[in-house]
Each structure stands twice: as C-alpha cells, then as structure tokens.
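Quick notes on the structure that follows.
Read the figures in this text as sums done on the coordinates, not as results from a lab. Just so we're clear, the structure is a prediction, and the values are computed from it rather than from any experiment. Cβ placement follows ideal geometry from the backbone for every residue including glycine, while neighbour counts extend to all protein chains displayed.
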Protein chains: 2
Amino acid sequence: MLRVAVAIVPEVRQLLREDPSQLAALLEEIHDEDLADLIELLDDEEAAQLLKSMTAADAAPIFERLDEDTQEAMVEQLGVDNVASIAAEMSADERTDLIEALPEAVGDTLLESLEKVSPEAAAEVSELAKWPEDSAGGLMTTDYISVPLDLTVADVIELIRKGGSDAETIYYVYVVTKTNRLLGVVSLRDLLLNPGAALLADVMTENVFSVSPETDQEEVARTMAKYDFNALPVLGADRKLLGVITVDDVMDVLTQESSEDMQRLAGVEPIEDGYFQTSFWMFIRKRGPWLAALFVSEFFTGTALRHYDAVIQSVAKLSYYVPLLISTGGNTGSQSASLIIRGLAVGDMKTSDWRRVLVREFGQGLVLGLMLATIGMLRVWMWGDGTGFVFTIGVTLVAIPLLGCTVGSMLPLFLKRIGVDPATSSTPFIATLIDVLGIIVYFNLAQLFLAKVIAAHVHPG
Amino acid sequence: MLRVAVAIVPEVRQLLREDPSQLAALLEEIHDEDLADLIELLDDEEAAQLLKSMTAADAAPIFERLDEDTQEAMVEQLGVDNVASIAAEMSADERTDLIEALPEAVGDTLLESLEKVSPEAAAEVSELAKWPEDSAGGLMTTDYISVPLDLTVADVIELIRKGGSDAETIYYVYVVTKTNRLLGVVSLRDLLLNPGAALLADVMTENVFSVSPETDQEEVARTMAKYDFNALPVLGADRKLLGVITVDDVMDVLTQESSEDMQRLAGVEPIEDGYFQTSFWMFIRKRGPWLAALFVSEFFTGTALRHYDAVIQSVAKLSYYVPLLISTGGNTGSQSASLIIRGLAVGDMKTSDWRRVLVREFGQGLVLGLMLATIGMLRVWMWGDGTGFVFTIGVTLVAIPLLGCTVGSMLPLFLKRIGVDPATSSTPFIATLIDVLGIIVYFNLAQLFLAKVIAAHVHPG
C-alpha cells in the first residue's frame with residue numbers, strides 16, 4: 001500500500017535539496033495518507049523540513065496519520081512550539097492520541113504550549129484524555145455539530161454551511177438542550193430531502209442509538225458495522241452528549257482487534273506496528289514469554305510419559321502413536337477455540353450460552369472422533385500391530401476429539417467470564433492441556449486393551 | 001446483539017395473532033437491522049405475515065438484511081411476485097445478492113417477475129451479476145448520484161434534493177461525461193461549504209481514487225480503511241463509472257475476511273453464518289475434511305518414529321521428549337505463520353519481501369531457540385538423564401524453532417505466490433510438517449550424542 005509514497009520519494013528528496021518552493025505543487029494532489037507514508041520513508045531531518053514547509057493547517061491531517069514513533073521524532077525535530085501549532089489544527093481525538101502517545105514529560109510540555117496557542121484545543125484534550133484509549137471515550141471526538149431544537153431545516157443547513165468546516169462529520173447533526181442533553185439526531189440526508197421550512201423537531205429521530213464512554217471499542221465497532229452507522233454519539237450521565245465516534249476511526253478498530261485476536265490465538269502478544277516496522281527485539285519480547293510458558297507447561301507431557309515408563313519399556317510401539325494422538329487433540333481444540341473466540345468477538349454468542357455450546361461441541365467431538373477412529377483403526381491394522389492396538393487407538397481417537405472440542409470451546413468462554421481476553425487462551429495453550437490429558441487417556445486405555453501384551457513383555461516367557 | 005429483537009418477540013407474536021393493525025406503531029421506531037433479527041426469530045409463517053403487513057418500500061431494507069436461508073424461505077412463503085415488488089425497492093447491490101443467493105431456478109423466476117415490476121431494476125441486476133461476489137464489482141451499487149460538469153453548486157444541491165432519496169449515498173456526487181466517463185467527484189461537504197454560485201468544475205476533485213471491478217474485496221476494504229473513504233468509485237475501461245462502493249458494505253467485508261482467515265488458520269473451512277445459525281452437519285463438513293487430512297499426514301510421525309525403532313527400543317526415554325519437542329516446533333511455526341498471514345492480509349508485506357522475512361525469521365528462530373534450549377537443558381539435567389541427553393535436547397531445541405520460524409513464514413508466502421489463500425496453510429498443517437522434520441532432526445542428533453548409551457543398550461555388557 002506504499003506504492004504512491006515510494007514512487008515520489010526520489011523527486012521529493014531532490015526538491016528538498018534543490019528547490020523546496022516547488023514542493024507544494026508536487027504534493028498538492030496527493031492524499032494525506034500517502035504524504036504520511038512519504039514522511040515515514042524520509043530521514044527525520046528531511047521529514048521535518050517537509051513539514052516545516054507547510055502551513056500548520058496542511059501539516060495537521062498528515063501529522064495525525066504518522067506512527068507514534070515518527071510523531072515523537074518530529075516533536076524532537078520541530079520543537080514543541082511548532083508542533084503545538086500543528087496540534088491545534090488536528091481533530092480533537094487525534095490531538096489527544098498524539099499527546100497521550102508521547103513520553104509523559106514531552107506530552108505535558110506540548111499540552112502547556114498548546115494552551116498558549118489555543119486554550120480551547122487544550123481543554124478538549126484534557127476532556128478526552130479522561131477515557132481509556134480502547135473505550136468509546138477514547139475513540140470519540142468533540143468536533144461535532146450540535147444545534148438547539150427550535151430551528152427549521154433551512155436554519156440548520158445554514159449553520160452547517162457556516163460552521164461545518166471544523167467538524168469531523170457534517171453528515172449528522174445532534175439536537176441538544178442548553179445543558180447539552182441529547183434530544184435527537186438528524187442526518188444531512190434528511191435535512192436535504194425535507195423542505196427548508198420544516199421544523200427540526202418534526203424531522204429529527206428521537207430514538208437515537210448511543211454508547212457510554214466506557215463501552216469497549218470492539219463493541220462500538222461491531223454495533224456500527226451491524227447497523228451501518230456512519231457516526232454514533234457517546235452519552236454520559238443524564239444523556240449528556242460527550243462526543244461522537246465516526247466510521248473512519250472504527251474501521252481501524254475492526255482491523256486492529258482482529259489482528260490482536262489472531263496473534264493471541266497463535267501465542268504472540270499483540271504487535272502494534274507493521275511487520276517491517278517492528279524491531280527484532282520487539283518480536284522476541286512478544287513471542288519469547290509465550291513460547292517459554294508453553295514450553296514449560298509441555299514438560300508435563302514428559303512427566304506423564306515417565307509415569308507410564310514400565311508400559312512403554314515393555315511395548316515401545318505404544319510411544320510411536322503419541323505424536324499422532326496428541327496432534328489430533330491439538331487440531332480439534334484449535335478448531336473449537338477459534339470458532340468460539342471469533343463468535344464472542346463478533347457478538348454471535350455470550351458466555352451464558354455455554355450449555356448450548358457444550359452440547360454442540362460434545363456432539364461434534366463425538367462425530368469427528370468416530371470419523372478419525374475409523375481411519376486410524378484401518379491404518380493400525382495395516383501397520384500390523386494387532387487387535388489390541390486397533391482397539392486402543394480406536395477408543396482413544398474417539399476420546400481425544402471429545403476432549404479437544406469441549407476443552408477448546410469451554411476455556412475461552414470461561415476466560416471471558418472471569419474478565420480475561422478469551423483469545424489469551426491461545427490455541428497452543430489449549431493444545432498443551434489436551435496433550436497431557438490425551439497421554440493419560442491413551443496409556444490407561446492401552447493398559448486395559450493391551451494388558452496381555454504388556455504382561456507378556458514385562459514377564460517374558 | 002439480538003437483545004432488541006428478543007425483547008419484542010412476545011409482543012409481536014401476540015399482535016400478529018390478535019391485532020395485526022397495531023404492528024406498524026410498534027415497529028416504527030425500531031431499526032431495520034433489529035427487525036431483520038426479529039424476523040429470523042419468528043416462525044416462517046409469522047415472518048411472512050409480518051412482511052406482508054408492510055409496504056414493499058418498508059419491507060425492502062429489512063428483507064435485504066435477512067440471512068440467505070431466511071430470504072429463500074420468505075420467497076417460498078410470500079411467492080415470487082410479492083418478493084419481486086419488495087426487491088424492486090431494494091438497493092441494486094442487495095437485490096443482486098438476493099437473486100444470486102437463491103437456488104438458480106427460483107432466482108431466474110424472481111428476475112422474470114422483477115422485469116414486469118421494474119424493467120430498470122432487473123437491468124441493474126443483470127449488470128451487477130456479471131462480477132464475482134468477492135470483487136469490487138460484486139460489492140458496488142449502481143444507486144449513486146451522477147451529474148454533468150456544467151452545473152453550479154446550487155444546481156447540484158437542488159438535484160440531490162429532488163433525486164437523492166434512492167441513492168445509497170448522497171454524500172458523494174460523481175461528475176461524468178455523457179458517456180458516463182468519470183471526470184471528478186465532489187463531496188456534499190464541499191458543496192455545502194462553497195457558495196451556491198460556484199462552478200462544479202472549480203469545486204470538484206479530479207484526482208479520484210478508484211478501483212477496477214475485478215479488484216479483490218479485501219483490497220477494496222483495506223484501501224477504504226487506510227484512506228478513510230466513505231465511498232469509492234468503480235471504473236471500467238476508459239474510466240467509465242460502473243458503480244460505487246459504500247463504507248457500510250466494506251465494514252462487513254473486513255469482519256468477514258478476518259473471520260475466514262482466523263478459521264482457515266485453525267483448520268476450519270470458512271463458515272458463513274453465526275455459530276448458532278450454522279447447522280451441526282455444516283460444522284462437521286467444515287471441520288471433518290481438514291481434520292482427516294491433518295490426521296493422515298500426521299501418520300508420517302509414526303512412520304518416522306518406527307524408522308528409529310532400534311534406537312527407541314534401546315533407550316525408551318528418548319521417546320518421552322518427543323511431545324515436548326514437536327509441540328515447540330508447532331508453537332514457533334504457528335507464531336510465524338500467523339504474523340505473516342496477517343501481514344499479507346493487511347498489506348504490510350508482499351511475496352517479493354520473502355528474503356527480508358527469511359532473514360528476520362531465521363534470526364528470531366535462533367534467539368528463541370537458544371532461549372528454549374537453556375530452559376530445556378536445565379530441565380533435562382534436573383531429570384538426571386545424563387550429559388548426552390542434555391546436549392541432544394539442547395541442540396534439537398535450537399534446530400526446531402529455526403525450522404518452525406522458517407517453514408512457518410515461508411509456506412504462507414509460497415502459497416500466496418502460487419495464488420492460493422495463504423491462510424490455507426493453516427497452522428496445524430505447518431505444525432504437522434515441522435513435527436516430522438523435528439523427529440528426524442532429534443533422532444539423528446540422539447544417535448550422534450548418545451552413541452555410547454545406545455550401543456551399550458543394543459549390545460548389553
């Protein structure tokens with residue numbers, strides 16, 4: 001997706017060196033997102049020079065799209081006062097994110113400097129910074145249009161024309177009391193499709209969907225996606241309008257939350273930046289602890305096997321089936337876990353549905369187990385290990401998918417219930433648990449079905 | 001997310017039986033999405049009765065939100081002619097999806113019936129049905145607003161007021177030639193913030209982002225999310241405007257594509273409906289074949305172990321480490337695979353980056369391996385299995401994460417390169433491959449480091 005930015009880097013570099021006054025003409029037709037990519041590709045000094053050549057109003061939408069690391073570097077290069085002028089032109093939510101992402105001392109200095117440039121912009125930051133970054137309060141902006149109730153459609157359109165340029169969305173207008181209580185919402189579409197003389201009260205929708213500032217950002221995103229909302233108001237106590245969440249912020253949340261779930265599922269702590277933007281040691285920090293934890297817990301498979309030492313000593317063949325059996329437990333467990341974790345994420349199910357899930361997963365485990373047992377018994381018979389083995393493997397192959405499906409589905413629901421991200425049950429962790437259980441089931445069945453064979457080996461003759 | 005619908009079911013059922021004329025008042029303030037949920041919760045007969053009680057224009061936005069199965073059931077209940085009237089009021093893209101989702105014979109009959117109700121609506125379907133469902137052409141709608149170039153801002157606003165009610169978005173207006181070539185785009189925001197007398201030509205943006213109808217839907221979604229677009233035009237040959245993709249359709253794509261990737265990663269064929277909407281046997285069909293394939297490929301671990309029969313017979317302990325070692329390969333492999341698959345999905349990397357990825361993953365595998373080897377050697381030493389074991393396990397634990405990281409990262413890139421969905425390399429499949437390789441490495445190292453111990457057992461005394 002960096003094609004545009006990569007393509008213009010050489011030309012921009014040349015102009016920066018030779019004729020910076022030509023830059024504006026080159027960059028005018030390029031989207032802010034591509035300009036942000038461009039800045040990431042340049043050296044810090046070049047990037048700072050480029051941003052300096054722009055007005056604060058032009059630089060703001062680019063600056064708010066930069067990576068947090070680059071923002072920090074630019075604050076260093078440009079100085080806090082220059083960045084404060086840019087920040088004053090940024091949208092309120094992005095301005096807050098910028099200050100929160102900076103090291104605390106730098107952020108504080110920037111906020112002080114911002115207070116001189118625009119006390120209003122600084123106040124908005126203090127207001128928005130109250131809420132956690134991953135909540136509705138952290139996503140919302142205070143740059144919305146609100147109007148009193150006693151207006152006509154034509155009045156409102158006139159108000160938008162005059163004051164709309166700073167608002168993040170002009171497509172929804174919020175109707176509020178003097179104390180900012182939300183009375184209703186009207187879309188620009190409804191405004192335009194109604195006669196100018198119509199009363200706002202007759203045109204607006206009173207039954208407004210809203211969220212509280214504490215609502216989790218993923219729930220906000222799912223709600224907006226489900227109902228096809230372009231904007232969603234955030235209400236505090238007594239239906240006070242605190243801010244508005246726009247669809248563009250929510251699309252990033254959908255992508256980010258899915259990435260995090262996918263990484264957690266695979267036993268990687270969520271990584272914020274892109275693959276090539278993440279440092280080598282960051283990867284080690286995100287992967288290492290999970291790997292080590294899984295490795296140590298997998299020691300129990302060794303302990304379990306040692307427990308059956310006498311059996312294995314007498315019939316070594318028994319151990320040849322272990323990888324096959326435990327990988328089957330892992331596979332069924334991963335399948336169930338990913339289905340449930342995704343179901344929870346997209347709002348398909350709640351933790352209180354656990355009984356229904358358990359019944360379904362038990363049934364699936366049974367059918368899948370019978371299927372695998374049939375294939376497995378055939379294979380054992382072909383390997384010529386004897387009837388005792390055929391039965392041991394057959395019954396184990398029914399038991400293990402049952403374990404996989406039930407543990408794999410119940411663990412995420414349990415974690416969610418106790419307030420832990422269900423994806424943290426990362427499928428390798430479930431696999432480890434099922435590995436140990438599977439070994440215990442297998443050797444107990446073996447001792448049952450292969451009693452004669454084992455005895456023959458232990459007491460030869 | 002079904003709360004609203006669940007809450008009103010009893011009241012709706014009662015009114016359907018006793019006083020259907022009261023229904024309109026109850027349902028008026030409820031969002032179409034919740035009404036669609038409501039219909040899914042009712043019996044087919046009740047649902048049909050409810051839809052019949054509405055005008056076609058009211059029923060259309062609800063009908064287009066129903067599951068494909070329910071749509072099919074409603075066609076059966078209401079009859080093709082009634083549904084044709086509703087379909088004529090649906091947006092062009094949803095209308096096409098409806099007809100494509102029905103069994104072919106039913107879809108054809110509906111299209112014939114639609115031709116009588118609205119020849120124009122039927123023509124739009126024939127136009128849109130040309131494109132694959134998961135392409136930009138399959139996502140786009142033909143319900144957009146287009147205007148000629150020689151207008152003023154006030155003219156365009158007047159046009160929107162008169163003709164905007166059918167358009168899927170009125171927030172972007174497309175400026176086209178008489179042959180429908182795209183000249184530029186102007187947002188409603190720009191129209192309102194400019195004086196009415198301004199010329200369209202001076203206000204519009206000429207450098208318009210667009211996609212071709214063949215563009216993959218995931219790329220469309222990523223582009224819109226990256227650039228915060230609310231709508232994106234689809235252009236055919238000679239920049240002919242074929243349709244427009246709106247942000248609400250794209251949010252569903254983001255969710256759907258992530259779900260599919262997550263399921264494929266866990267070895268489940270993508271499941272379209274929600275967990276509880278999917279039938280038992282559908283789950284078996286989506287899980288069974290993958291499980292069976294993985295199970296059969298895991299037979300090779302048995303074959304590999306049998307190959308080292310003599311070694312295991314002499315030192316049974318060797319087999320106790322197998323689950324620990326192969327699960328470590330699986331874990332590192334899953335980590336790498338999920339990072340790469342996600343990186344490809346969000347456009348972080350291309351297949352041509354494989355060399356850079358290989359270098360990074362090799363490095364990570366080495367560091368992670370050294371870390372695990374340190375822990376592992378300590379544990380083996382504590383188990384008291386002797387120096388030969390300590391070395392065998394140590395070196396194997398460096399080799400296996402190296403294998404895991406390189407195979408886990410290269411296989412998705414290779415699959416993508418040959419045109420297969422990289423998530424199809426589902427991590428269990430990678431794990432199976434690494435399991436077998438890991439066993440081979442382990443026993444060869446054992447034969448090297450434990451030669452004396454093995455020899456002592458094979459030839460006792």
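The table for this structure:
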{"read-out": "Reachable lysines, given that their alpha-carbon falls under 23 Å from the alpha-carbon of B:LYS416 and they are not under 8 places away in the same chain", "value": "B:LYS226, B:LYS286, B:LYS350"}
{"read-out": "Local electrostatic count at A:VAL117 - Lys and Arg +1, Asp and Glu -1, tallied over other residues with Cβ under 12 Å", "value": "-3"}
{"read-out": "Peptide B:290-301, shielding by other chains (average Cβ, 10 Å cutoff)", "value": "6"}
{"read-out": "Length-normalised contact order for chain A - Cα pairs under 8 Å, 6+ apart - percent", "value": "10 percent"}
{"read-out": "Other protein chain Cβ atoms within 10 Å, averaged over every residue that makes up B:373-379", "value": "2"}
{"read-out": "Cα→Cβ-extended label distance, 7 Å offset, between B:GLN313 and A:ASP81, nm", "value": "8.7 nm"}
{"read-out": "Sequence-distant lysines (8 or more away, or on other chains) whose Cα lies within less than 24 Å of B:LYS317", "value": "A:LYS317, A:LYS452, B:LYS452"}
{"read-out": "Virtual spin-label span in nm between A:VAL296 and A:GLU29, 7 Å along Cα→Cβ", "value": "6.0 nm"}
{"read-out": "Peptide ranges B:249-260, A:292-303, A:22-33 listed from the most packed, as the mean C-beta count within 10 angstrom indicates", "value": "B:249-260, A:292-303, A:22-33"}
{"read-out": "Shielding by partners - mean other protein chain Cβ count within 10 Å, residues of B:168-176", "value": "2"}
{"read-out": "Neighbourhood net charge (12 Å Cβ-Cβ; Lys/Arg +1, Asp/Glu -1) for B:ARG356", "value": "0"}
{"read-out": "Magnitude of the charge dipole, the protein assembly as shown, Cβ model with Lys/Arg +1 and Asp/Glu -1, debye to 20", "value": "5840 debye"}
{"read-out": "Within straight-line cross-link reach of B:LYS162, lysines at Cα separation under 25 Å, skipping those fewer than 8 residues along the same chain", "value": "A:LYS162, B:LYS178, B:LYS240"}
{"read-out": "Percent antiparallel among DSSP beta bridges (both partners in segment A:145-256, rounded to 5)", "value": "75 percent"}
{"read-out": "Charge dipole of segment A:1-158 about the Cα centre (unit charges at C-beta), most positive-ward option of A:LEU110, A:GLN77, A:VAL153", "value": "A:GLN77"}
{"read-out": "Farthest toward positive dipole pole in chain B [+1 Lys/Arg, -1 Asp/Glu at C-beta], among B:ASN230, B:VAL453, B:HIS31", "value": "B:VAL453"}
{"read-out": "FRET efficiency estimate (nearest 0.05) - Cβ-Cβ, B:SER212 to A:THR351, R0 56 angstrom", "value": "0.80"}
{"read-out": "Rounded FRET efficiency, nearest 0.05, which uses the C-beta distance separating A:ARG306 from B:LYS452 and R0 of 30 Å", "value": "0.85"}
{"read-out": "Contour minus Cα-Cα distance for A:GLN22 and A:ASP190 (0.36 nm per residue)", "value": "56.1 nm"}
{"read-out": "Local net charge near A:VAL175, Cβ-Cβ under 13 Å (Lys/Arg +1, Asp/Glu -1)", "value": "-2"}
{"read-out": "Virtual spin-label span in nm between A:ASP273 and B:GLU272, 7 Å along Cα→Cβ", "value": "4.2 nm"}
{"read-out": "Gain upon complete extension [A:ARG285, A:ASP43; 0.36 nm per residue less C-alpha separation]", "value": "84.4 nm"}
{"read-out": "Length added when fully stretched, A:TYR227-A:LYS116, from 0.36 nm per residue minus Cα-Cα", "value": "35.8 nm"}
{"read-out": "FRET efficiency, B:THR374 to B:ASN444 (Cβ-Cβ, R0 30 Å, nearest 0.05)", "value": "0.85"}
